[in-house]
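Below is one structure, written out as structure tokens, with a few remarks after it.
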Amino acid sequence: MGSTFSQMKSKIALLIGVILCLSSCGKDYTYRIEGKLSNLETQTIYIVFEKENYTLIDTIECAKPGQFVVEQSIEGFNSATLFFENKSRWLTVYLKPGSTVSISGDVQYPMLLQVKGGKINEQLSAVRKLLSPLLKEYTDLNRQLNNKEHNSIEETEIASRIANVNMQLNEQVTSYIKEHSDEEVSVVLIQMFFMEADDTRRMDELLALLDPRLKSFYLVHTLEQFSARAKRTALGAEAPGFTVENIEGTSVNLDSFASKYVLLAFTAPWCDMCQTEDLYLDKVAMKYPKEEVDILLVSLDSNQKEVRRLLETDSIAWNLVTDSAGQATMLLDLYNVSALPRCFLIDEEGKILLKTENGLEIRQTLEKLFEDEEE
């Protein structure tokens, strides 16, 4: 009786194995991402699949408004970042071979999108639900700040409220990370909330609290490398050297700006806050002669002909480098730029004096520098 039962179990196990094998063999993809999003205005979605030292970019059109499916057969990817609404909003999901990741929610609030499929994604979704009031307020306040229809007093008030919400978010996320220091999701949260190019101290402190067993998680190594690069462009550090070619075909390097201040400004054509007038760069260019302050614009736009056409209508002769031959991408990595816009003010000795995305701060810093020199 026991032998017969054992044989029967073996046959059942074999049958299940065959069924699973046939099921998996029928799949012509390694990763599958599906979405059902509300309020998606632009139906083109860009997806960047990422693994160590390699990225793959895909573009899809929604079959129905807000609905899409993307399948990827190449193996080895750790994550995929989806860009919505002309790349103005994005979400990163974490991949597991053979599994499906499902995304749902209001795309106008990407920080609140819910993701199913995979332990990290579902834990992140739980954290998003927990923090949803703060995340919604944070998104709404940032939209208000980017709205040009308010005065300087209102702008200061909104910025203060953003700082307060950000502090509350950081406190709650820090508490979660400490309670879940042995979970991979905590590494993801460190990246999401504490990966600051200007100051990595908080990130370094939280990484040190993680369970040593997480050392093998790929993202830990990524954050450690980021920290090392961030220190390379810390205030007071010597600005990393480079040689690139501007849109006029002229070779440009840091020695080109010797004995004067230089503003290195990273921008992108799709970034509303990256316009030269928003960064006060046009005012800086008109106020200070190039012998005192020079500006090098680095744009992710790779269409040099279109850029030249636009510059022809500008009264200022900008010194500009595009992403032709990957030049802008190389400089983004060299200067550890994780968000746009980003500006570096480099002094006459080649030291980093300021890094900011705030045009008013650039203008005020230069005014103070030249006031001090006059005294």
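Where residues in region 261-279 are at pLDDT below 95 and more than 18 Å from L332 (Cβ to Cβ), which of them is surrounded by the fewest Cβ atoms within 10 Å (Cβ to Cβ)?
Once the filter is applied, the top-ranked residue is E277.
Taking strands (runs of 3 or more DSSP E) that do not extend beyond region 251-300, which have at least 3 residues that are touching a helix residue (DSSP H, G or I) at 6+ places or on another chain (Cβ under 8 Å) and free of Cβ contacts under 8 Å to residues at least 60 places away in the same chain?
293-299
Any residue at all in region 350-368 that is outside any loop (DSSP other than H, G, I, E, B), assigned by TED's automatic domain parsing to the domain that holds Y288, over 16 Å from L264 (Cα atoms) and among the aliphatic types (A, V, I, L, M)?
Initial filter on region 350-368 (outside any loop (DSSP other than H, G, I, E, B)): 351-356, 359-368.
If we keep only those that are assigned by TED's automatic domain parsing to the domain that holds Y288 too, we end up with 351-356, 359-368.
Pick out the ones that are also over 16 Å from L264 (Cα atoms) and you get 364, 367-368.
Next cut, among the aliphatic types (A, V, I, L, M) only: none.
No, the conditions are met nowhere in region 350-368.
Is it true that V115 is in contact with an Asp or Glu (Cβ under 8 Å, 6 or more places away or on another chain) and part of a strand (DSSP E or B)?
Judged against the criteria, V115 is a match.
If only one of I19, I57, I47 is surrounded by 15 or more Cβ atoms within 10 Å (Cβ to Cβ) and either in contact with a Leu (Cβ under 8 Å, 6 or more places away or on another chain) or modelled with pLDDT under 95 (or both), which one is it?
Answer to the selection: I47.
The values are calculated or read from the model by the stated rules, or taken from the named source; none is laboratory data. Predicted model only: the values in this text are computed from it and were never measured. Note: ideal-geometry Cβ built from the backbone for every residue, glycine included; neighbour counts use all protein chains shown.
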